Every structure is written in C-alpha cells, then in structure tokens.
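This report refers to the structure that appears directly beneath it.
The values are calculated or read from the model by the stated rules, or taken from the named source; none is laboratory data. Given the structure is predicted, the values throughout are model-derived calculations rather than measurements. Heads up, the Cβs are rebuilt from the backbone with ideal geometry, glycines too, and the neighbour counts pull from every protein chain shown.
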Amino acid sequence: MPVDVQSDRVVITHGESVAEVLLWGATVTSWKYKGIERLFVSSKAVLDGTKAVRGGIPLVFPQFGPGPLPQHGFARVSKWTWGGLSVENASETRVEFSLLPEAIPASQKAIWPHDFRLVYTVALFGSSLQTTLRVRNLGTAPFEFTSLLHTYLRIKDIDHAGVVGLTGYPFADKVTETRTESEPRLSVRVASEVDRIYQRVKNDHITVEGTGVGGGAIVIHKSGFDDVVVWNPWVDKAKGMSDFGDEEFKEMICVEVGNVSTPRKLGPNETWEAGQRGGRRRPPVLVGEGQNPKFAFEFLAHVDMKKTTTKFPAARIKKIMRLDEDVGKVAQVTPLLISKALECFLQSMLEATLVETRARNAKRMTVAHV
Ligand SMILES: O=P(O)(O)OC[C@H]1O[C@H](O)[C@H](O)[C@@H](O)[C@@H]1O
C-alpha cells in the first residue's frame, strides 16, 4: 500500500522512498530514500502534539517569527485533517492534508480572525520529495500572511556543510542585526550561530552540500517563495533549547524557503501556492556532459583488462564505489581508471611535496610539506 494512515500520522511509500507526516502540524518527520534519512529530527523532539516538532519540516503560517500570534504562527501547532491520496502512478505518490479555522484555538483565532483553507501536499517521486502549501481566502476581506517551510536537513558534519546558490543576494542577519546587500560567498558555511534571511532569491535551486547523501548534496528547488532562511543555533542556543541536544547543531542545518520579508496579500476567493522539491544532486559524471572526455576515452580504448595492473586493488575500489547509493553497476574498467587517476594524483602530490621539502632544506619529508 502506498499510504498507511495511522491515528496520528501517515506513512507514504513510493518505490524506494518513504515519508512520514504527523497530523500535528502536518509536519514531515521523516524522508528516506533507499533507507537513508535526509531529514533531521532532534532526539529530544516532542512528538505528542504539545509543542512544535524540533525537526523535519514544520510549516510556518501565517506569521514568521515572533508577533501577535505565538512564534511562527498556528499551522505547526494545529492538528491537520488527512485529505487522502490524490495521485498514485508510476512516477509519483501524492497525499493531502488540510487546515481550516475550526482547528485553531479560539485565542489565536481572535488575533487572526480570517476565514481560510490551507491544503498541504506531500508528494514522493523517484528519489525526491515535494511539499506544497496552498492558501485560499474563504472570507469577504483580504488578509496578509507570511509563510515558510522550516526544513531541517540532516548533515554529516557542520564543518563540511555549505549552502550554495545564495551568492549576490541581499540578506538580513538576525544574529548581528545587520543587513548586507550582496552575499559574497559561493558557499555559505556555518562556524557560529547563523540566522539569516536571504531576500528576493531568484535562483530556484539551492544546493546543500555535506548532507552525506546523493554525492554529498541535496538540491532544493523552490517555487513561489521569494526568501531563503539559513539557520543553525550553534553552541549556546542549542544548550538553551529543551527539545534539542547540546551537540545536535553539528548534525543539522535549516534551509527554509518562504515568504517572510514581505507578507503576501490575498483577496477574497483568491488562492496562492508555493512549494519546494528536494532531491539528491546528481553525482558528477566522469565522462561526458560537457567535460573533456579525451583522457578517459583514450585510456578505455587501450585497456587490455587481462594485462592491466594497477597499484590499488580494483576490487577494493569497486567496493568503496558501491557504498554510494547513487552508484549502480560498475563497469569492469572503471576501477582501473580510478586507480590510475589516484596514482597520477599521488605522484604529482609527492613531487610537489618533495619540492617544498627541498626548498625548506629539510632532511625529512613531513606532513607540513604537503
Ligand atoms: O525555535 P523555533 O520557534 O522553532 O524557531 C527556530 C528558528 O526558526 C527560524 O529559522 C528563525 O529564523 C530563527 O530565528 C528561529 O530561532
């Protein structure tokens, strides 16, 4: 069955992808492809519907951050209604959840007294996940809102993570309370608390490197959202959060697509929709696709499998390659090519190290000379 509806959650399966969505906040709490989890959920997250989930993809609506409503609005702390399976075919499995004002506490309805319908769609494709928010104004007067998909991505190590695709965009830094007109870096790294709102981001695909999946990166394609928030609480803030482990900031990064710097206005009977689709970055292609394949082709053309010997054992290389979930069958000649490339790399590195060692008049070559 592509959908398993339980009392408090729905598990969706499509091929080798599985996602889990809590009715509480319609929070996606798990997204696995080939058994590998892509989302981060804190070991201390509260999942019983008494507070927003610390992890997964909490949904922020109709208010981002603090304001008259509780922080990040009511959508993430309301029980959504299961709307059913809307698409099931070979390329996708799609389900829906909805939220109406009836599900909102009276105290919050008094602060945001609008008639609306939210429909949240969660779709699994081959190896990607798409989440889309649709807002409809069912009232007679316009209303304004901010919204965001607060995606917590699981990463291997924060020291090696980076967000690529934000270069040149202005951002408001909530930690330093400053504004920068143009992000200079190709990759936004995290080495202290980071809480930034990148604005009017036209680039529709943001790459999060260092996730340890899909060649090490996940690409988020956004549609309909203008802003991208990058957040990591780092040491002190992590310690101050009761639902977050002290060291867990090393394993996560939030890359949140949303409309937060300028609220959206929606007239009576109008509908607005925005979403994101996340998937593995396709691993680099060794031969072809715009790269110079000359060396590889020449090498392959002259390989005599029986006579070719390499310094590094081909079987071991093949085994290491197969650890990557993106690697399927490995042609016999590929480990040989990799072994040769490795030999060339080591040789040139050693030669350069030797030059450095001699330049320093050292008798022994050490790591410092590399
Ligand atoms: O602790 P929460 O209410 O879930 O908010 C967590 C974080 O969400 C966003 O990323 C905001 O930009 C941060 O300022 C906030 O700290």
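If a residue must be in a strand (DSSP E or B) and surrounded by 15 or more Cβ atoms within 10 Å (Cβ to Cβ), how many such residues does the range 1-17 contain?
Here the count works out to 8.
Hey, can you tell me all the residues within the range 89-112 that are exposed (fewer than 14 other Cβ atoms within 10 Å of the Cβ) and either within 16 Å of the ligand (Cβ to nearest atom) or within 20 Å of Leu133 (Cα to Cα) (or both)?
Once the filter is applied, which keeps residues that are exposed (fewer than 14 other Cβ atoms within 10 Å of the Cβ) and either within 16 Å of the ligand (Cβ to nearest atom) or within 20 Å of Leu133 (Cα to Cα) (or both), the range 89-112 yields only Glu102.
So is Arg189 under 15 Å from the mean Cα position of the chain (by Cα) and closer than 27 Å to Thr132 by Cα or not?
No.
Give Thr167, Thr211 a once-over and let me know the one that is in contact with a Leu (Cβ under 7 Å, 6 or more places away or on another chain), of a type in the set (Val, Ile, Thr) and surrounded by 20 or more Cβ atoms within 10 Å (Cβ to Cβ).
Criteria check complete, one pass: Thr211.
Please find, within the range 113-158, the residue that is surrounded by the most Cβ atoms within 10 Å (Cβ to Cβ) out of those that are of a type in the set (D, E, K, R) and touching a residue at least 40 places away in the same chain (Cβ under 8 Å).
Top of the filtered list is Arg154.
Filter the range 158-174 down to residues that are more than 14 Å from the chain's Cα centre (by Cα) and more than 30 Å from Trp272 (Cβ to Cβ), then give me how many there are.
2
Taking interchain pairs and intrachain pairs at least six residues apart, which have beta carbon atoms under 6 angstrom, with the first residue in the range 226-239 and in the same structural domain as Ala161 (by TED's automatic domain parsing) and near the ligand (Cβ under 8 Å from one of its atoms) and the second part of a strand (DSSP E or B) and of a type in the set (Asp, Glu)?
Cβ pairs passing all conditions: Val229/Glu256; Trp231/Asp195.
Restricting to the range 74-103, give me the number of residues that are touching a helix residue (DSSP H, G or I) at 6+ places or on another chain (Cβ under 9 Å) and more than 21 Å from Ser7 (Cβ to Cβ).
The number of residues fulfilling the criteria is 2.
Considering every residue within the range 146-166, establish whether at least one is in contact with a helix residue (DSSP H, G or I) (Cβ under 7 Å, 6 or more places away or on another chain) and of a type in the set (Asp, Glu).
Yes, the conditions are met somewhere in the range 146-166.
Filter the range 240-263 for residues that are within 12 Å of the ligand (Cβ to nearest atom), more than 13 Å from the chain's Cα centre (by Cα) and not in a helix (DSSP H, G or I); which is nearest to Ala172 (Cα to Cα)?
Ser261
Looking at the range 52-69, which of the residues that are in a loop (DSSP other than H, G, I, E, B), more than 9 Å from the ligand (Cβ to nearest atom) and not hydrophobic (A, V, I, L, M, F, W, C) is surrounded by the fewest Cβ atoms within 10 Å (Cβ to Cβ)?
The extreme case among them is Pro68.
Which of the following residues is assigned to a loop (DSSP other than H, G, I, E, B), of a type in the set (A, V, I, L, M, F, W, C) and without any contact (Cβ under 8 Å) to a residue 40 or more places away in the chain: Val190, Val201?
Val201
Taking the range 19-43, which residues are in a loop (DSSP other than H, G, I, E, B), in contact (Cβ under 8 Å) with a residue 60 or more places away in the chain and closer than 22 Å to Val229 by Cβ?
Ala26, Arg38, Phe40, Ser42
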